[in-house]
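Take a look at the structure below.
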Amino acid sequence: MILTAKPSAFLSSYVKSYWMIENNMPEGQEHTQRIVPTGLTELSFYLGDKPRSSDHSKSFSEHSILTGQIKSHFDIRIAGRLSLFSVCFYPHGLAPLLDYPVKEIKNQSVPLSYLLGRAGKELAEKLFYGASFYQRISIMEKYLHRRLSRQRHIPDDPRVRYSIRLINESKGPIPIDQLASWVCLGRKQFERVFLNQVGISPWQFYRIVRFQNALRMKARNQAASLTQVAYDCGYYDQSHMINEFIHLSGKSPGSYFNEGQPHSDYFQ
């Protein structure tokens, strides 16, 4: 069972969605899930059994974790009872909630108690005892609202949000100099501001968005050839798309698409 919901109006500039999944694996069985870069950050609460990760930098030593921007794939292995409540943030949405640059957790999943101490443990406990998906959303919304209200300085630069929109709408590579010029910043200043607010460089982010767009296009049109997908998503050619897919997902486009229905978390 998978449930999803949108945030309140106050948080809609930061939170993309809330979602929850409940599933029980048969005893003795295990499921391996490939995690790929989405361009989004996530706060996850495992209310049942914790998964195991193939990447030691993605910690599941505790039940509540904050995952920054990831640059490559890794696998998690799921067994037992999976009960996951998650907050999915827009690319720029997590930075205003942190007391340090979001780039500090790039390519990492960090236990929430490391970041918030006692407050993180108390939040996880409230969510654990929440009676329903929507009650957990209410608990989370109250917490996020309080945290935003207490922040003295919210690093929410509209130029970063505009540059993200330009990348989302682009049909091909945008030179970083040109992107910086469009948002009225010098290149170095733009890259620094973008990195601090999104967690990865503009170019790394563009590569992930292009990959996610390829997933979206293939999901919409299963009959589309790899050549057509590569052309429509701004890759130089099919070979270029293959190399990018292997880097980001560990699989060629053909293998990735043949293993199941393509899905884009970013463009969902």
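Values in this text are rule-based calculations from the coordinates and carry no lab data. Note that the structure is predicted; figures quoted are calculated from it, not measured. Here the Cβ is made from the backbone with ideal geometry for all residues, glycine too, and neighbour counts use every protein chain on show.
Under the criterion of Cα pairs below 8 Å and six or more residues apart, the relative contact order for the chain equals 19 percent.
For Ser64, the residues whose amide H sits under 5 Å from its own are Tyr46, Leu112, ignoring neighbours fewer than 5 places away on the same chain, with H placed 1.01 Å from N. Computing Cα Rg over 2.2 N^0.38 Å directly from the structure and comparing it against (i) 1.21; (ii) 1.02; (iii) 1.12 singles out (ii). DSSP bridge analysis restricted to the chain gives an antiparallel fraction near 95%, rounded to the nearest 5.
At most 14 other Cβ atoms within 10 Å plus a DSSP loop assignment makes a site exposed; report the longest stretch of the chain without any exposed GluC sites (Glu not before Pro).
Details: sites that count: Glu27, Glu30, Glu259.
Here the longest run is 31-258.
For the residue pairs Lys6/Lys71; Lys16/Lys121; Lys106/Lys188; Lys171/Lys251; Lys171/Lys218, the C-alpha atoms sit more than 21 angstrom apart in Lys6/Lys71; Lys16/Lys121; Lys171/Lys251. Each of Leu179, Asn221, His63 was scored by the projection of its Cα onto the charge dipole of the chain, and the greatest displacement toward the positive side belongs to Leu179; charges sit on the C-beta of Lys, Arg, Asp and Glu.
To make sure I understand, if each residue's beta carbon is the centre and we count other beta carbons within 10 Å, what order do Met20, Met140 fall in, fewest to most?
Details: Met20 20, Met140 23.
Final ranking by Cβ density, sparse to dense: Met20, Met140.
If you take the beta carbon distance between Ala79 and Phe267 as r and set R0 to 41 Å, what does 1/(1 + (r/R0)^6) give as a FRET efficiency, to the nearest 0.05? Walk me through the numbers before you get to the answer.
On the way: r = 31 Å, r/R0 = 0.75.
Once rounded, the FRET efficiency stands at 0.85.
Along the charge dipole of the range 119-244, pointing to its positive end and built from +1/-1 on Cβ of Lys, Arg, Asp and Glu, which listed residue (Ser163, Gly234, Gly120) has its Cα farthest out? So the residue we want is Gly120.
If you plug the beta carbon distance of His240 and Gln29 into 1/(1 + (r/R0)^6) with R0 = 30 Å, you get a FRET efficiency near 0.20. Per residue, the average separation of C-alpha pairs within less than 8 Å and at least 6 apart gives the range 49-144 a relative contact order of 33 percent. Between Leu148 and Ala5, the modelled label-to-label distance comes to 1.6 nm, taking each label 7 Å out from Cα in the direction of the beta carbon. Couplings for the range 69-74, taken from phi via the Karplus curve 6.51 cos²θ - 1.76 cosθ + 1.60 with θ = phi - 60°, read 4, 10, 9, 8, 8, 7 Hz in order; Gly and Pro are left as x. Karplus-derived 3J(HN,Hα) values for the range 97-114, using 6.51 cos²θ - 1.76 cosθ + 1.60 with θ = phi - 60°, are 9, 9, 9, 8, x, 5, 5, 5, 10, 4, 6, 9, 10, 10, x, 4, 5, 5 Hz; glycine and proline are entered as x. For the chain, the membrane-span-like helices by this rule, meaning whole DSSP H stretches whose C-alpha atoms cover at least 18 Å of axis and whose Kyte-Doolittle mean is -1.0 or above, are 133-150, 202-220; this says nothing about an actual membrane.
Hey, how many Å between the Cα centroid of the range 184-216 and the Cα centroid of the range 89-113? One Cα centre to the other: 15 Å. Dipole size of the range 158-258 about its Cα centre, with +1 on Lys/Arg Cβ and -1 on Asp/Glu Cβ: approximately 300 debye, rounded to the nearest 20. Here's the picture: charge each Lys and Arg Cβ at +1 and each Asp and Glu Cβ at -1 in the range 67-136, and of Gly80, Phe133, Tyr100 the one pushed furthest to the positive end of that dipole is Gly80.
Please sort by residue number the trypsin sites (Lys or Arg not before Pro) in the range 166-268 whose DSSP state is loop and whose Cβ has at most 16 other Cβ atoms within 10 Å.
On the way: sites: Lys171, Arg187, Lys188, Arg192, Arg207, Arg210, Arg216, Lys218, Arg220, Lys251; in loops: Lys171, Lys251.
Filter output for the range 166-268: Lys171.
Counting only DSSP beta bridges with both residues in the range 37-149, what percent are antiparallel, rounded to the nearest 5? Bridges in the range 37-149 are about 95 percent antiparallel. For Thr41, the residues whose modelled amide H falls within less than 5 Å of its own, excluding neighbours fewer than 5 places apart on the same chain, are Phe89. Using only side-chain charges placed at the Cβ, +1 for Lys and Arg and -1 for Asp and Glu, the dipole size of the chain relative to its Cα centre rounds to 620 debye. How would the range 158-258 be classified by its alpha-carbon gyration tensor: rounded, prolate or oblate, with rounded meaning a/c under 1.5 and the a/b versus b/c comparison settling the rest? Prolate, because a/c is 1.5 or more and a/b exceeds b/c.
On the beta carbon distance between Glu22 and Glu125, with R0 = 22 Å, the FRET formula returns roughly 0.70.
Can you sort Cys184, Cys233 from fewest to most other Cβ atoms within 10 Å of each residue's own Cβ? Don't skip to the end; give the middle numbers.
Values: Cys184 10, Cys233 22.
Lowest count first: Cys184, Cys233.
Taking the Cα centre of the range 1-154 as origin and charging only Cβ (+1 Lys, Arg; -1 Asp, Glu), how large is the dipole, in debye to the nearest 20? Don't skip to the answer; put the middle values down first.
Details: 20 positive and 13 negative charges, 106 e Å.
In total the dipole reaches around 500 debye.
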